[in-house]
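The values are calculated or read from the model by the stated rules, or taken from the named source; none is laboratory data. Just so you know, these numbers come straight off a predicted model, no measurement behind them. Here the Cβ positions follow ideal geometry from the backbone for every residue, glycine too, while neighbour counts run over all protein chains shown.
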Amino acid sequence: MLSVLIETRNDEDGLARTLASLIGGAIEGVVREVIVCDNGSTDQTGKVADHAGCLYISGGIAAGVRQAKGDWLLLVEPGSRLVEGWMEGVIAHTSRQKMPARFSRSKVGRAPFLSRVFSGNRALSDGLVITKSQASALVRRASSAEALARGLASKRLTSEIRVAPRVA
């Protein structure tokens, strides 16, 4: 049902944390495949993806969207973690909507208000659930997963995500 795409570049630790939060979805059959779209990693990102059974490809997000088999795509940043119960919200949304959706931010481990306000907003920090056809159309003009998600109108899911820590 769902193809998960994670765009990486030297993100071995963050990738491992994100993949761990997807295990339940894979067991339940919600996650069909995980595609790690690499942009030139020189660390062990490829080995982490391989050991977890992910498809590891070069060429960024455009190559990942082309390879995806699911009708719906879930784009997440390496290091973000989906909170238990995330599947229910995604299943409910994809069964009745065609509009893209983003997760709600978990209050657990959230940065203080002022640091969130002044740190800038990453378009992919809340993840993105989008149809493959919509992503295919958008990726033609987007050079990254972040660019694909930027400015995109979306619904808010009740399911939560723990945002990836900002790397300096």
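Restricting attention to region 1-27, and to residues there that are without any contact (Cβ under 8 Å) to a residue 60 or more places away in the chain and in contact with a helix residue (DSSP H, G or I) (Cβ under 6 Å, 6 or more places away or on another chain), which single residue is farthest from Arg81 (Cα to Cα)? Filtering first and then ranking leaves Glu12.
Would you confirm whether any residue within region 4-13 is crowded, with 19+ Cβ neighbours inside 10 Å and outside any strand (DSSP E or B)? Outline the logic, then answer.
Keep residues of region 4-13 that are crowded, with 19+ Cβ neighbours inside 10 Å, which gives 4-8, 11.
If we keep only those that are outside any strand (DSSP E or B) too, we end up with 11.
Scanning region 4-13, I find at least one residue that is crowded, with 19+ Cβ neighbours inside 10 Å and outside any strand (DSSP E or B), so the answer is yes.
Looking at Val76, is it closer than 15 Å to Ser144 by Cβ, among the hydrophobic types (A, V, I, L, M, F, W, C) and in contact with a Phe, Trp or Tyr (Cβ under 7 Å, 6 or more places away or on another chain)?
Values: closer than 15 Å to Ser144 by Cβ: yes; among the hydrophobic types (A, V, I, L, M, F, W, C): yes; in contact with a Phe, Trp or Tyr (Cβ under 7 Å, 6 or more places away or on another chain): no.
In short, no.
Residues of region 18-33 that are buried (at least 17 other Cβ atoms within 10 Å of the Cβ) and outside any strand (DSSP E or B): Thr18, Leu19, Ser21, Leu22, Gly25, Ala26, Val30.
Identify all residues within region 39-71 that are assigned to a strand (DSSP E or B), modelled with pLDDT of 95 or more and within 18 Å of Glu146 (Cα to Cα); write none if there are none.
Ile57
One residue stands out in region 34-54 among those that are surrounded by fewer than 17 Cβ atoms within 10 Å (Cβ to Cβ) and of a type in the set (Asp, Glu): the one that is nearest to Met87 (Cα to Cα), namely Asp50. Within region 72-104, can you find the residues that are touching a Ser or Thr at 6+ places or on another chain (Cβ under 8 Å), among the basic types (Lys, Arg) and modelled with pLDDT under 95? Result: Lys98, single match.
Go over the candidates Ala123, Ala153, Ala164 one by one and state the one that is of a type in the set (Gly, Ala, Ser) and modelled with pLDDT of 90 or more. Criteria check complete, one pass: Ala153.
Given the condition closer than 17 Å to Ala68 by Cα and modelled with pLDDT of 95 or more, answer yes or no: does some residue in region 10-18 qualify?
As a first pass, look at region 10-18 and keep what is closer than 17 Å to Ala68 by Cα: none.
No, region 10-18 has no match at all.
Note on region 120-165: residues that are part of a loop (DSSP other than H, G, I, E, B) and either surrounded by 13 or more Cβ atoms within 10 Å (Cβ to Cβ) or of a type in the set (A, V, I, L, M, F, W, C) (or both) total 15.
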